[in-house]
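For reference, the structure is listed below as structure tokens.
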Amino acid sequence: TPPNSVVFATGRLGIADFLKGGIPINLLAITLGSPLIMAMASAVYDSGGPFPQWACATESCRWVEVPGVVDGRKVSSQACVLLDDGLCRLRNGTVFNATVRMR
């Protein structure tokens with residue numbers, strides 16, 4: 001940053017001085033920041049939950065009315081991956097005829 005460049009240009013501080021202050025701050029940010037971000041993502045966006053319906057918008061994905069358990073949660077409908085032969089595969093590996101149960 002510009003202030004660091006000005007201080008470094010005076011010659012009073014060297015690279016080692018910047019490292020002494022910077023490395024502990026970086027390690028602290030990584031150690032505390034990563035778990036905090038993961039916790040916030042889970043709380044705010046339910047990132048650990050089942051695949052959301054809005055994200056199933058591609059040609060290879062269909063939302064079907066098939067109740068079941070996805071990642072430990074009971075669901076009334078879920079995403080399936082369309083296979084080449086007209087079949088659909090759920091997350092748990094179950095394969096069925098996609099044309100029968102499509103929404």
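The values are calculated or read from the model by the stated rules, or taken from the named source; none is laboratory data. Model, not experiment: these values are computed from the prediction. Here Cβ is always computed from backbone atoms with ideal geometry, including for glycine, and neighbour counts include all displayed protein chains. The area values use the complete protein model at the heavy-atom level, side chains included, leaving out ligands, DNA and RNA. Shrake-Rupley method; radii C 1.70, N 1.55, O 1.52, S 1.80 Å.
The table that follows gives values for the structure above.
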read-out: Within the stretch 87-101, tally of residues that are touching a helix residue (DSSP H, G or I) at 6+ places or on another chain (Cβ under 7 Å) and open to solvent by 30 Å² or more (accessible area, probe 1.4 Å); value: 1
read-out: Selection count, the stretch 49-86, where residues are open to solvent by 50 Å² or more (accessible area, probe 1.4 Å), touching a Ser or Thr at 6+ places or on another chain (Cβ under 8 Å) and in a loop (DSSP other than H, G, I, E, B); value: 2
read-out: Selection within the stretch 30-44 - more than 15 Å from the chain's Cα centre (by Cα) and open to solvent by less than 60 Å² (accessible area, probe 1.4 Å); value: Gly33
